[in-house]
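The values are calculated or read from the model by the stated rules, or taken from the named source; none is laboratory data. Bear in mind the structure is a predicted one, so any value in this text is a computation, not a measurement. No Cβ is skipped: glycine too gets one built from the backbone with ideal geometry, and neighbour counts run over all protein chains shown.
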2 protein chains.
Amino acid sequence: MNIKQIAKAAGVSVATVSRVLNHPENVAPKTREKIQKIIEDKEYKPNWFAQGLNFNRTKTIGLIIPYILNSTYMEIAKGVEDVALQKGYTTFMCNVEKNNRIESEYIEQLLTRKVDGIILMFSFLQEENLKAVQEDGVPIVLIGENKDIKGFNSVRVDCKAGAEGMIRNFIEYGHKTIGILYGSDPEQESRDMLEGYREVLEENGIAIEEKYIKAVDNTIEGGYLGAKKMVADGPPQAIFATSDDIAYGAMDAIKDLGMKVPDDVAVAGFGNARMSNLVEPKLTTVELPFHKMGIYGARLLFDLIEDEDKINEKPRQITLQTKQRIRKSCGHKERIGEMF
Amino acid sequence: MNIKQIAKAAGVSVATVSRVLNHPENVAPKTREKIQKIIEDKEYKPNWFAQGLNFNRTKTIGLIIPYILNSTYMEIAKGVEDVALQKGYTTFMCNVEKNNRIESEYIEQLLTRKVDGIILMFSFLQEENLKAVQEDGVPIVLIGENKDIKGFNSVRVDCKAGAEGMIRNFIEYGHKTIGILYGSDPEQESRDMLEGYREVLEENGIAIEEKYIKAVDNTIEGGYLGAKKMVADGPPQAIFATSDDIAYGAMDAIKDLGMKVPDDVAVAGFGNARMSNLVEPKLTTVELPFHKMGIYGARLLFDLIEDEDKINEKPRQITLQTKQRIRKSCGHKERIGEMF
DNA sequence: GTGAAAGCGCTAACAA
DNA sequence: TTGTTAGCGCTTTCAC
């Protein structure tokens with residue numbers, strides 16, 4: 001079913017049918033209604049390619065996701081999708097497996113398919129690559145920091161403040177030796193948190209001991225291995241992990257070494273993943289506004305898509321704050337109480 | 001940059017350039033190389049829409065996902081994507097929030113965007129709707145059963161056998177009263193498991209008591225509420241849950257009622273979600289081959305895409321088997337031993 | 001208010 | 001082996 005057949009059926013020219021589709025106000029009401037009815041009846045849908053060839057607009061956005069098996073990333077994705085759907089856009093979700101080669105390839109794909117804009121979550125790419133895309137006329141928004149990239153519209157979380165708050169808690173609870181297990185990614189955020197950790201300890205006159213600072217893989221296994229080493233070397237009273245996954249692994253390791261969480265070693269994580277209140281003891285953690293990050297990111301993008309000039313304005317950077325979720329694993333008995 | 005400019009730069013006609021792109025063997029090596037070099041230099045990419053207008057092939061497939069926050073679905077998705085990527089296809093992932101209206105809308109979108117095929121995971125749609133799509137020439141593959149739909153190429157899991165095996169284990173371990181918490185979705189699979197449950201009890205001469213059979217929401221909360229009721233009414237010695245989420249909730253409820261898992265009530269789940277060996281006690285469960293489901297599903301689809309005649313052949317249905325993961329929660333002490 | 005026709009960028013049949 | 005050209009389905013300018 002194509003426009004020609006509709007035109008013939010209505011006894012008009014293709015131009016008139018096209019007008020009904022795109023500028024109905026320019027068509028006489030009577031002809032318009034007649035044509036609309038035929039379109040309905042025949043379930044005519046304009047050909048996507050033919051339209052694209054003329055418009056170069058696809059009502060599609062691309063979303064780069066570091067790793068789809070991680071449900072925290074998917075929560076952000078859901079935020080993006082919610083906004084997109086409401087705007088009548090479709091979202092191309094791309095799983096890049098934390099690999100910048102795959103990420104580049106997907107960007108290419110998205111450009112080929114003429115998406116109207118791209119959102120990158122914790123991008124592994126370099127600034128110059130992204131700049132090139134944007135200069136091609138496809139707006140870009142960054143959600144979350146992996147590399148230290150400026151100059152784009154972006155949404156970030158104040159991870160440093162979040163980490164600092166948790167370390168301060170530990171100190172307040174009376175812990176004198178505090179370890180940190182920090183993940184290798186997202187790079188920038190992990191660095192920020194490590195920095196926060198050091199600053200708070202210094203502020204409070206606590207000596208910084210390198211044996212309590214350990215870089216690990218941002219996985220359960222990474223946390224397990226890192227904690228096992230750290231604890232075996234003489235355990236700190238508390239451990240802060242830069243992700244919940246790391247914290248889970250750490251808790252497992254502590255238990256395996258015959259010690260108890262939080263009595264022997266308190267633990268806190270970062271992210272408030274869904275299973276944080278299922279593990280035993282329930283994990284104290286820093287909650288991130290994932291869904292909101294997605295929503296704000298998408299809004300930034302649609303601002304750019306809908307107003308072409310904005311792409312040349314000074315980029316906006318939105319910073320969101322974290323929240324503490326105090327549960328049993330950090331050893332603070334008074335503030336516990338959450339069911340799900 | 002378009003084909004005309006390349007042609008001019010190379011001093012040939014557009015047809016020749018097009019040939020280099022699509023049938024390079026029909027171009028004299030010298031001309032071909034010359035043109036290829038220019039294409040490289042100018043980073044020329046054929047226009048997506050113009051190509052589509054001629055080919056009506058997009059090298060894109062659609063993937064309907066019930067709910068992206070559930071990482072088990074995303075494991076299937078990853079299987080699909082792995083195959084697609086290898087075939088040079090891009091995957092459109094669509095999150096339908098377990099809602100058949102959204103699902104229909106996305107199918108429309110996918111058709112508009114001319115995907116070459118669609119994979120539906122646990123589709124909520126009716127058979128006739130899907131038939132219509134396939135008759136439009138877009139092949140369809142089903143992964144997992146929600147509705148009872150025949151007549152399509154599909155990948156399913158023998159859930160019934162999986163459930164039966166676990167119930168048999170319980171009986172073998174000496175449990176005389178066994179409850180089941182079955183989720184509302186996926187519908188068909190849950191029904192199968194309930195049927196398996198009844199059959200095994202009958203086979204073993206165990207009376208079926210309706211108070212031990214409870215339909216719940218397929219969520220942690222659902223499991224919690226269902227188990228609370230069941231256990232408060234006089235607990236069974238063991239509970240089988242048709243999903244891990246339900247099992248987590250059940251374990252929480254049992255603990256909240258002051259009883260111990262597995263000593264007072266043994267628990268087993270279904271799915272082997274990532275956190276099953278993080279909860280305390282670690283959850284005994286039935287492992288499903290999610291990744292494989294995705295891979296097989298994708299292969300079925302590409303068979304259909306690549307060989308148009310196959311769409312009229314008798315559909316193939318692949319049935320995969322489950323595996324048991326015996327951990328602490330079921331109370332069988334001897335077979336425990338897993339770290340991650 | 002409507003129609004004829006050019007053109008979007010590409011492919012492929014046909015001709016040379 | 002290469003070029004010319006029609007045509008894919010649609011939008012839009014220009015006439016009427």
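Tabulated results
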quantity	calculated
Residues located in segment A:139-162, provided they are in contact with a strand residue (DSSP E or B) (Cβ under 6 Å, 6 or more places away or on another chain) and among the aliphatic types (A, V, I, L, M)	A:I140, A:V141, A:L142, A:I143, A:V155, A:V157
Identity of the residue in segment B:101-117, touching a helix residue (DSSP H, G or I) at 6+ places or on another chain (Cβ under 8 Å) and in a helix (DSSP H, G or I), that ends up surrounded by the most Cβ atoms within 10 Å (Cβ to Cβ)	B:I107
Restricting segment B:119-151 to residues that are more than 14 Å from chain A (Cβ to nearest Cβ) and under 22 Å from B:K87 (Cα atoms), the residue that is surrounded by the fewest Cβ atoms within 10 Å (Cβ to Cβ)	B:Q134
Test: A:R191 is assigned by TED's automatic domain parsing to the domain that holds A:A227, over 26 Å from A:H291 (Cα atoms) and of a type in the set (K, R)	no
Sole exception among (1) within 11 Å of DNA strand D (Cβ to nearest atom); (2) in contact with a Cys (Cβ under 7 Å, 6 or more places away or on another chain) for A:A50, by number	(2)
Yes/no for B:N95 being at pLDDT below 95 and either within 14 Å of chain A (Cβ to nearest Cβ) or within 10 Å of DNA strand D (Cβ to nearest atom) (or both)	yes
Boolean, B:I102 is more than 14 Å from chain A (Cβ to nearest Cβ) and among the β-branched types (V, I, T)	no
Hey, B:G79 assigned by TED's automatic domain parsing to the domain that holds B:G297 and within 16 Å of DNA strand C (Cβ to nearest atom) or not	no
Total residues in segment B:1-30, condition among the small types (G, A, S) and within 9 Å of DNA strand C (Cβ to nearest atom)	4
Lone qualifier among B:K4, B:K98 - being assigned to a helix (DSSP H, G or I), of a type outside the set (G, A, S) and surrounded by fewer than 20 Cβ atoms within 10 Å (Cβ to Cβ)	B:K4
All positions within segment A:79-91 that are facing chain B (nearest Cβ under 9 Å) and touching a helix residue (DSSP H, G or I) at 6+ places or on another chain (Cβ under 6 Å)	A:T90, A:T91
Matching residues, segment B:7-18, being surrounded by fewer than 12 Cβ atoms within 10 Å (Cβ to Cβ) and part of a helix (DSSP H, G or I)	B:A15
Residues that are within 7 Å of DNA strand D (Cβ to nearest atom) and more than 14 Å from chain B (Cβ to nearest Cβ), drawn from segment A:1-16	A:K4, A:V14, A:A15
Among residues of segment A:19-44, those that are surrounded by fewer than 16 Cβ atoms within 10 Å (Cβ to Cβ) and near DNA strand D (Cβ under 7 Å from one of its atoms), counted	2
Filtered residue count, segment B:277-292, keeping only those that are surrounded by fewer than 24 Cβ atoms within 10 Å (Cβ to Cβ) and under 17 Å from B:A241 (Cβ atoms)	6
Residue ID - farthest from the other protein chains (Cβ to nearest Cβ), chosen from residues in segment B:55-78 that are in contact (Cβ under 8 Å) with a residue 12 or more places away in the chain and over 12 Å from the mean Cα position of the chain (by Cα)	B:I61
Members of segment A:49-70 found to be crowded, with 20+ Cβ neighbours inside 10 Å and at pLDDT below 90, listed by number	A:N70
Inter-residue pairs, beta-carbon under 6 Å, first at the interface with chain A (Cβ under 10 Å from one of its Cβ atoms) and in segment B:25-54, second within 10 Å of DNA strand C (Cβ to nearest atom) and of a type in the set (D, E, K, R), 6+ apart	none
Breaking point among (1) among the polar types (S, T, N, Q); (2) within 27 Å of B:P262 (Cα to Cα); (3) buried (at least 22 other Cβ atoms within 10 Å of the Cβ), for B:S154	(2)
